[in-house]
Amino acid sequence: MSPSRYARLSRQELAVLVPELLLIGHMIDRSGMAWCISSFGREEMVQIAIEEWAGASPIYTKRMQRALNFEGDDVPTIFKGLQLDIGAPPQFMDFRYTIHDRWHGEFHLDHCGALLDVEPMGDEYVFGMCHTIEDPTFDATAVATNSRAQMRPVHRPPRVPSDRHPHCAWTVIIDESYPEAESIPALDIVRRTRAATWELEPVDRSDEGQPDYSGPLLSDLDFGAFSHSALVRMADDVCLQMHLLYLSFALAVRQRATDDAEAVLIGTRQLIGLAGLAAERIHRALRLAGGIEGTLRVLELHPLLNPAGYVVAETAQNRLIVHQSPAHDDNAWISLCSPESVQPLQAIATAVDPRIEVRVSGTNADWTAELVETDTPATELPEVSVAKVSGGSSFQFQPKRSLPLTVV
C-alpha cells in the first residue's frame, strides 16, 4: 500500500480537486465515444456505453460506500452514492433529491451537462443517451445498493417544449416484489481486475473534519467539511472509478474491434483527449505553475498516474519515471503510454505549457519521460479538441450550501 500522491495537497486544495476529478471522470465518454461512432456507428456506440457503465459502476459504487462508511440498502444510500459517482459529477449533473421514506424517493436534474452536450446532435442521440443508455445503467448503479431498486422516469428528453425544465425527473423505488436486477457478464470480468480490489489507506478518523458520510443525506456535498484524510481517500477512489470505467469500456470495444490494433487505437485516442482535458482543468483549478515544474506537478496529480501503487511512478528533476505495475497487469490507461505512444503524455504537457516537449525512452512497461523546454509551442492534439467540444471542459463550479434532506 503506497502513500497517496494526493496527501501532499492541503485540505482546501483537495476540496477543490475532488469535484474536479469527478467531472474529469465524466468526460471519459465525451472523449471516447466519438471514436466509437467513427469505427462502429451510433447504435454500437450506445451499446458500448451501456456495457461500459454496467460493467464498472456496481464495483466502484460499493467501494465508495465502504470507504466513507455509508453502506446500506435504501434510497438515501443510493443517492449518497450518486453524489460521489463520476456518472453524476456535482453541478454539471445537478441532481436534486427528494426522500419520501427509506424505500421511496425522487430526483430531478436542474442542469444536465450531458444533455446540453448531445442536444445539438439531434433527437436520435438524445434518445440514445436518455432512454437506451440510462434505463439499464441507472438500474446497474442502484444494484450496488439493492438488487430490487428501480429507477423509472417521470419525464425525460427529448424535451418538449425545447426549454423544458427540469431537464428530467425520476422515481426511485425499492420493493421486495420487484425482480432482482441481473448483472451483465462484463461485470464479473472487471471484478477480477487489480483495480477492482485495490486496497487504499483507510481514513484516519482522528483527522480534523468529517471522516465519512454516515450522517444524513445532504442536498449538496460540502467537500470542504470532510477531513484531509477523507478527501485523500475520495480522490484515490475516484481515480479508481476512472480506471474501472476505462477497463469496462476497453472490454466492450475489444468485442467489436476487427483486431487488437483497432481496439488499442480507440483506447489511446480516448486517453489522449481525456488526458489533455484533465490536465487543463487540474492546472487551472489548483493554479499551478507552468513550465517543467508545473507539468510534473500536474502529472503527479493526474488520474492517469493515480492511485499510487496501482500505477508505479516517480518524478525527478525534469523526468517522469514509470515502472511495471498492477495497472499494466490490467492493461489500464498507463499501458497505452510507451516510447511508441507518447501522445497521451504530450497532451498533458501541452495543456500545461505548449512549449514543453515529452521524449520517452525505455520499454513498454518501464520507461522514462523527459520534459524538454522548446522554442516552438505545440498545437493541441485533435483528440483533445474533440473532447473539449463538451461543455464540461470549461464548466466552472460554484459555491453551494450543504443542507440535510429530510423525509417529506
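The values are calculated or read from the model by the stated rules, or taken from the named source; none is laboratory data. Note that this is a predicted model, so its numbers are computed, not measured. Note that each Cβ is placed from the backbone with ideal geometry, even for glycine, and that neighbours are counted across all protein chains shown. For the accessible areas, the whole protein counts, side chains as well, though only heavy atoms, and no ligand, DNA or RNA atoms are used. Shrake-Rupley method; radii C 1.70, N 1.55, O 1.52, S 1.80 Å.
Data overview
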quantity: Two-decimal Rg/Rh across the stretch 3-83, once Rg and the Kirkwood Rh are taken from alpha-carbon atoms; calculated: 1.07
quantity: Order by protection proxy (mean Cβ within 10 Å, highest first), peptides 4-10, 116-122; calculated: 4-10, 116-122
quantity: Rounded to 10°, Cα long-axis angle of helix 228-254 versus longest principal axis of the chain; calculated: 90 degrees
quantity: Degrees separating the helix 291-301 axis from the principal Cα axis of the chain, which is the longest one; calculated: 40 degrees
quantity: Summed side-chain charge close to residue 109 - residues other than residue 109 whose Cβ falls under 10 Å, Lys, Arg +1, Asp, Glu -1; calculated: 0
quantity: Rounded percent of accessible protein surface that carbon and sulfur make up, the stretch 294-361, 1.4 Å probe; calculated: 44 percent
quantity: Residues whose placed amide H lies under 5 Å from that of residue 100, excluding near-sequence neighbours; calculated: 105, 106, 408
quantity: Alpha carbon Rg of the chain, scaled by the compact-globule rule 2.2 N^0.38 Å; calculated: 0.94
quantity: The stretch 83-157: radius of gyration over Cα atoms, expressed as a fraction of 2.2 N^0.38 Å; calculated: 1.14
quantity: Kirkwood Rh in Å, taken over all unlike Cα pairs in the stretch 272-345; calculated: 12.7 Å
quantity: D_trans [Stokes-Einstein, Kirkwood Rh over alpha-carbon pairs] for the stretch 250-408, 37 °C, 0.692 mPa s, µm² s⁻¹; calculated: 196 µm²/s
quantity: The stretch 311-408: GluC sites (Glu not before Pro) falling in loop per DSSP and having at most 10 other Cβ within 10 Å; calculated: 340
quantity: In degrees, nearest ten, helix 11-40 long axis to first principal axis of the chain (Cα); calculated: 90 degrees
quantity: Loop-resident sites, the stretch 170-269, for trypsin sites (Lys or Arg not before Pro), counting at most 15 other Cβ within 10 Å (DSSP); calculated: 192, 205
quantity: Where N is the number of residues in the stretch 322-370, Cα Rg divided by 2.2 N^0.38 Å; calculated: 1.14
quantity: For residue 155, distant residues with modelled amide H under 5 Å away; calculated: 169
